[in-house]
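The values are calculated or read from the model by the stated rules, or taken from the named source; none is laboratory data. On a predicted model such as this, the values are computed, not experimentally measured, just so you know. All Cβ positions, glycine included, derive from the backbone under ideal geometry; neighbour counts span all protein chains shown. Ligands, DNA and RNA are stripped out before the accessible areas are found, and what is left, the full protein with its side chains, is counted by its heavy atoms. Shrake-Rupley method; radii C 1.70, N 1.55, O 1.52, S 1.80 Å.
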Amino acid sequence: MSDKHEHEFEGFATRSIHGGFHGDEYGSVIPPIVQSSTYKFRNTDHGAQCFKDHTQGYIYTRLANPTIDVLERNVASLEGGADALACSTGIGAVNTLFFALLNAGDHIVMSESIYAPTRINIERHWSRFGVEFSFVDSSDADNIRAAMKPNTRMVFIETPANPAIAVTDIAAAAAIAHGNGCLLAVDNTVLSPVLQRPIEHGADIVVHSITKSLNGHSDVVGGIIVFAHKEHYKEVHHAWYHLGATMDPHQAWLVIRGLKTLELRVKQMQKSAKKIAKWLEKHPKVKRVHYLGLKSHPQRELNEKQASGPGSLMSFELKGGLEAGKAMMDAVRLCSLAVSLGGVDTLIQHPASMTHVGMTSEERQEAGIPDGMVRFSIGCETTADIIADLEQALARV
Ligand SMILES: Cc1ncc(COP(=O)(O)O)c(C=O)c1O
């Protein structure tokens with residue numbers, strides 16, 4: 001409720017710690033968890049006012065909640081947006097956006113290297129309602145341009161996209177989208193607003209899996225949609241609370257706590273990742289490391305143009321292929337063999353035997369995911385301990 005636009009504090013860390021909370025009647029330093037599903041009206045006139053204009057008071061937590069409002073104001077500020085809508089999951093945020101903005105007969109252009117369920121939702125589900133789509137290698141902006149049609153309503157990219165760590169030029173994608181009268185939405189989950197703020201490069205909408213670095217502690221699932229322009233927020237707002245993939249106050253409160261250390265965590269994880277990537281690159285059992293902080297990454301310069309760092313997500317290929325990948329996964333002790341990314345715990349996974357096991361080896365190869373590829377999200381543990389764990393696990397390969 002009320003205007004969530006907030007740029008009162010200048011520093012990023014200051015805003016991530018204090019942003020969005022305007023105090024309460026108790027003088028709480030930390031925003032309280034308002035764990036109420038519904039709210040009392042002062043009288044029937046007040047109830048009528050609230051239904052006519054949601055800024056006049058809270059009605060029901062699916063529509064708005066004071067704790068969730070704090071989170072939305074905070075993340076909108078960190079991304080440089082006008083407003084935000086919190087969602088129950090990251091994929092809930094993606095689907096809310098499609099539900100609100102795509103109609104039968106509309107066309108969407110999407111990066112082919114994208115979080116798999118985002119692609120699957122368009123391909124299998126939104127297509128049932130008449131949404132047309134093109135998946136393109138968006139690391140070359142000309143492919144986006146070539147895919148545009150008169151009925152294209154949205155360009156949706158994820159940059160960098162994993163596990164291939166492919167980068168899309170946000171400003172170029174925005175220029176193409178706007179030149180064709182449509183919107184650019186960017187999934188900014190991997191780098192977070194600490195390192196990349198797509199709205200500054202022309203994006204209209206940013207989505208996040210809050211589950212990842214925004215919360216940062218692998219203990220919450222959630223999502224958020226940030227809008228550069230209030231008009232798009234208003235367009236999506238109604239559909240958001242009618243679709244119902246909205247957030248819970250306790251979930252929001254945990255993320256508000258996580259956000260306080262966002263910049264510290266992201267920078268520490270990136271510092272560690274830079275050292276680990278260099279170490280891995282020299283290891284005799286490693287064929288190739290895909291990390292935007294290495295000179296060997298072909299899109300390093302493009303990433304530097306639009307982001308202030310390479311982040312802490314990388315993938316590397318083992319010379320021994322599928323069996324080597326499995327052997328390494330079964331040998332790690334400190335790194336957790338688990339999906340997800342961006343948390344303080346280091347997570348490692350082997351797409352060929354885990355997340356992408358449903359594809360054939362040839363299909364994986366075509367998608368840029370060779371059988372020996374390992375995806376690696378570096379956490380906040382002591383760097384030397386992570387390297388020691390990798391060393392002992394690689395010795396068993
Ligand atoms: C880049 C990206 N976008 C969206 C999602 C979906 O988020 P969630 O798992 O919170 O629904 C994920 C989850 O892994 C992701 O990595």
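Within region 56-72, count every residue that is in contact with a Ser or Thr (Cβ under 7 Å, 6 or more places away or on another chain) and in a loop (DSSP other than H, G, I, E, B). Can you show your working first?
Applying the first criterion (in contact with a Ser or Thr (Cβ under 7 Å, 6 or more places away or on another chain)) to region 56-72 yields 60-62.
Then keep just the ones that are in a loop (DSSP other than H, G, I, E, B); that gives 61-62.
Count: 2.
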Looking for something touching a helix residue (DSSP H, G or I) at 6+ places or on another chain (Cβ under 7 Å), without any contact (Cβ under 8 Å) to a residue 40 or more places away in the chain and more than 16 Å from the ligand (Cβ to nearest atom) - is there at least one such residue anywhere in region 117-126? no
What tally of residues in region 133-172 results from selecting those that are open to solvent by less than 20 Å² (accessible area, probe 1.4 Å) and over 26 Å from Arg375 (Cα atoms)? 5
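Show me the helices (runs of 4 or more DSSP H) found entirely inside region 73-192 where at least 1 residues are out of contact with any Pro (no Cβ under 9 Å at 6 or more places or on another chain), more than 26 Å from Phe12 (Cα to Cα) and modelled with pLDDT under 95.
Counting at least 1 such residues, we get 116-120.
Does at least one position in region 370-377 carry a residue that is over 16 Å from Gly320 (Cα atoms) and at pLDDT 95 or above?
Just the residues of region 370-377 that are over 16 Å from Gly320 (Cα atoms), to begin with: 376-377.
In the following step, the residues that additionally are at pLDDT 95 or above were identified as 376-377.
Yes, region 370-377 contains at least one residue that is over 16 Å from Gly320 (Cα atoms) and at pLDDT 95 or above.
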Gly258, sole failed condition from (1) without any contact (Cβ under 8 Å) to a residue 60 or more places away in the chain; (2) in a loop (DSSP other than H, G, I, E, B); (3) open to solvent by less than 30 Å² (accessible area, probe 1.4 Å): (2)
Can you find, within region 264-305, the residue that is surrounded by the most Cβ atoms within 10 Å (Cβ to Cβ) among those that are in a loop (DSSP other than H, G, I, E, B) and without any contact (Cβ under 8 Å) to a residue 40 or more places away in the chain? Gly293
Please give the number of the condition Asp83 fails out of (1) open to solvent by 10 Å² or more (accessible area, probe 1.4 Å); (2) more than 15 Å from the ligand (Cβ to nearest atom). (1)
Considering residues of region 193-203 that are open to solvent by less than 10 Å² (accessible area, probe 1.4 Å) and in a loop (DSSP other than H, G, I, E, B) only, the residue farthest from the ligand (Cβ to nearest atom): Ala203
For region 177-192, what are the residues that are in contact (Cβ under 8 Å) with a residue 24 or more places away in the chain and open to solvent by 10 Å² or more (accessible area, probe 1.4 Å)? His178, Asn180, Leu183, Asp187, Thr189, Val190
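Residue-by-condition table, conditions (1) assigned by TED's automatic domain parsing to the domain that holds Val286; (2) open to solvent by 40 Å² or more (accessible area, probe 1.4 Å); (3) within 16 Å of the ligand (Cβ to nearest atom); (4) within 20 Å of Ile165 (Cβ to Cβ):
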| position | (1), (2), (3), (4) |
| --- | --- |
| Glu317 | yes, no, no, yes |
| Gly320 | yes, yes, no, no |
| Glu323 | yes, yes, no, no |
| Met328 | yes, no, no, yes |
| Thr355 | yes, yes, yes, yes |
| Glu362 | yes, yes, no, no |
Could you please let me know if Glu112 is within 16 Å of the ligand (Cβ to nearest atom) and more than 19 Å from the chain's Cα centre (by Cα)? no
Looking only at region 28-62, filter to residues that are of a type in the set (Gly, Ala, Ser) and more than 21 Å from Leu259 (Cβ to Cβ); which one of those is most open to solvent (accessible area, probe 1.4 Å)? Ser37
Within region 306-326, does at least one residue satisfy the condition of being under 13 Å from Phe376 (Cα atoms) and in a loop (DSSP other than H, G, I, E, B)? yes
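Do we find a residue being over 24 Å from Pro351 (Cβ atoms) and among the small types (Gly, Ala, Ser) anywhere in region 148-169?
First, the residues of region 148-169 that are over 24 Å from Pro351 (Cβ atoms): 148-155, 169.
Checking which are among the small types (Gly, Ala, Ser) leaves us with none.
No, region 148-169 contains no residue that is over 24 Å from Pro351 (Cβ atoms) and among the small types (Gly, Ala, Ser).
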Tell me, please, whether a residue that is polar (S, T, N, Q), within 20 Å of Ala64 (Cβ to Cβ), more than 9 Å from the ligand (Cβ to nearest atom) and assigned by TED's automatic domain parsing to the domain that holds Glu72 can be found in region 96-105. yes
Of everything in region 205-223, what is within 9 Å of the ligand (Cβ to nearest atom), in a loop (DSSP other than H, G, I, E, B) and not β-branched (Val, Ile, Thr)? Give them in sequence order. Lys212, Gly222
